[in-house]
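The values are calculated or read from the model by the stated rules, or taken from the named source; none is laboratory data. Small disclaimer: the values here were computed from a predicted structure and weren't measured. Because the Cβ atoms are built from the backbone with ideal geometry, glycine has one as well, and the counts that use them run over all protein chains shown.
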Amino acid sequence: MNIIRYLFVTVLMLILISACSTNMTATVDQLTEVGEDGKNVMTQLPIDRAYMEKEGIDVIYLAGGCFWGMEKLMQSISGVKDVVSGYANGRAEVEPTYNKVITGNTGYRETVRVEYDPSIVSLDAILFAYFNVIDPTISNAQGNDKGTQYQTGVYYVDEASQYTVERIIAIERERSEVFLVEIGPLERFYTAEEYHQNYLDKNPSGYCHISPNEIRLSSEMIVDPGDYLLPSENKIREALTDLQYNVTQNAATEPAFNNAYWDNHARGIYVDVVTGEPLFSSSDKFESGTGWPSFSRPIDESSVRFLSDNAQGMQRIEVRSRAGNSHLGHVFYNDSSSPNGTRYCINSAALRFIPYDEMIDEGYGYLLDVVE
């Protein structure tokens, strides 16, 4: 009887140990194979065994330097339901801890698991928020942090996410001459130690390469770029006039005082002519005397991107649309003609005007209150 009891207890302990081990680790059973077209295709969905699928919730994994700031940024986005700091895609034989990872020898990246409700926020919005705060031109570093653990990366777990990631990456590559962000399926993920979770809430003065202003922008986002997808090149060419195409796609400049909206005083909003993404309101339009439409601010500060422009022997700041990457114009600061000192000098050819009375029918009813 004692022998039977001993064997029973031993088997039970082995089962419990195995279960605990399974809950602590995150692995992938099978990643990719090469398809007939030579591209990698996912043959079995990657599995984060520490993450239980939740109905109506999707997940993406983002490595963006120190995970403290990326965690806080993602938590600020409406529709994100949970964010967990951890370690992703390192050497399979290593079970990471913070002290191991900071040696730079494990291959693990400081990563956050972002769980979100796609009925509230799109993966497009999350990814654009991510790219707005990282520098994609450097490897193994972000801000003052240096080391392989700070390598940037986007890791997906299903084919739908992979499609969206690759679509957004194509847009972001166009904005950068060098692009060094890792892109691929999740291989494994381990939750970081408890003291790393919600770190900036526990330590408000803690260092982070992501600024409070950048976090604020994400928290105040009102336009979801997932509603305004970039058409194919052929559809863009077919839909635009030659002038609109040259301005938005080739960064041309239309003639001053000889364009559609420089003297338009009607109430309404101005949207990207390529995607329809809302950009500016008539409430923020003012007369600058330049001959181009001028605005003091965008409807949603997250909807525009800024690039250095040293063309034509000048140092200027180019303004592009977020979802369409359309060239819009330039932004100037300390401008005496602007009510707030900021002047967005925008080409009419990059815009389409939606009159206030047509906004609901055109699908922009949610922005009626931005037009006085």
Q) Do we find that residue 146 is at pLDDT 95 or above, among the basic types (Lys, Arg) and either surrounded by fewer than 20 Cβ atoms within 10 Å (Cβ to Cβ) or over 29 Å from residue 250 (Cβ atoms) (or both) in this structure? A) yes
Q) Counting only residues that are surrounded by fewer than 19 Cβ atoms within 10 Å (Cβ to Cβ) and in a strand (DSSP E or B), how many does the range 168-190 have? A) 3
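So which residues in the range 179-190 are touching a Gly at 6+ places or on another chain (Cβ under 9 Å) and more than 30 Å from residue 320 (Cα to Cα)? Reasoning before the result, please.
First, the residues of the range 179-190 that are touching a Gly at 6+ places or on another chain (Cβ under 9 Å): 181-184, 187-190.
Within the range 179-190, 187, 188, 189, 190 qualify.
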Q.
Out of everything in the range 324-358 that is crowded, with 19+ Cβ neighbours inside 10 Å and hydroxyl-bearing (Ser, Thr, Tyr), what residue ends up being nearest to residue 314 (Cα to Cα)?
A. 344
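Would you be able to say whether some residue in the range 348-358 is assigned by TED's automatic domain parsing to the domain that holds residue 285, assigned to a loop (DSSP other than H, G, I, E, B) and over 26 Å from the mean Cα position of the chain (by Cα)?
Taking the range 348-358 and keeping what is assigned by TED's automatic domain parsing to the domain that holds residue 285, we get 348-358.
Remaining after also requiring assigned to a loop (DSSP other than H, G, I, E, B): none.
Scanning the range 348-358 turns up no residue that is assigned by TED's automatic domain parsing to the domain that holds residue 285, assigned to a loop (DSSP other than H, G, I, E, B) and over 26 Å from the mean Cα position of the chain (by Cα).
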Q: Of all residues in the range 139-166, count the ones that are farther than 20 Å from residue 99 by Cβ, in contact with a helix residue (DSSP H, G or I) (Cβ under 8 Å, 6 or more places away or on another chain), assigned to a helix (DSSP H, G or I) and of a type outside the set (Ser, Thr, Tyr).
A: 1
Q: Among residues belonging to the range 359-372 that are aliphatic (A, V, I, L, M) and surrounded by fewer than 14 Cβ atoms within 10 Å (Cβ to Cβ), point out the one that is nearest to the chain's Cα centre (by Cα).
A: 368
Q) If the Cβ limit is 7 Å and pairs must be 6+ apart or interchain, which residue in the range 340-352 that is more than 11 Å from residue 251 (Cα to Cα) pairs with which residue that is at pLDDT below 95 and part of a helix (DSSP H, G or I)? A) none
Q) Quick one: which strands (runs of 3 or more DSSP E) sit completely within the range 240-314 and have at least 3 residues that are over 26 Å from the mean Cα position of the chain (by Cα) and in contact (Cβ under 8 Å) with a residue 40 or more places away in the chain? A) none
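Checking the conditions here, which among 219, 232, 176 is modelled with pLDDT under 95, under 20 Å from residue 322 (Cα atoms) and of a type in the set (Ser, Thr, Tyr)? Don't jump to the end; show me each part of the working.
Values: 219 fails: modelled with pLDDT under 95; 232 fails: modelled with pLDDT under 95.
When all the criteria are applied, what remains is 176.
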Q. Somewhere in the range 87-104, is a residue assigned to a strand (DSSP E or B), surrounded by fewer than 20 Cβ atoms within 10 Å (Cβ to Cβ) and in contact (Cβ under 8 Å) with a residue 40 or more places away in the chain?
A. no
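Do we have residue 265 as under 24 Å from residue 358 (Cα atoms) and not hydroxyl-bearing (Ser, Thr, Tyr) here? Steps first, please.
Working: under 24 Å from residue 358 (Cα atoms): yes; not hydroxyl-bearing (Ser, Thr, Tyr): yes.
For residue 265, the condition - under 24 Å from residue 358 (Cα atoms) and not hydroxyl-bearing (Ser, Thr, Tyr) - is met.
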Q.
Would you confirm, using the coordinates I've provided, whether residue 236 is out of contact with any Gly (no Cβ under 6 Å at 6 or more places or on another chain) and surrounded by 18 or more Cβ atoms within 10 Å (Cβ to Cβ)?
A. yes
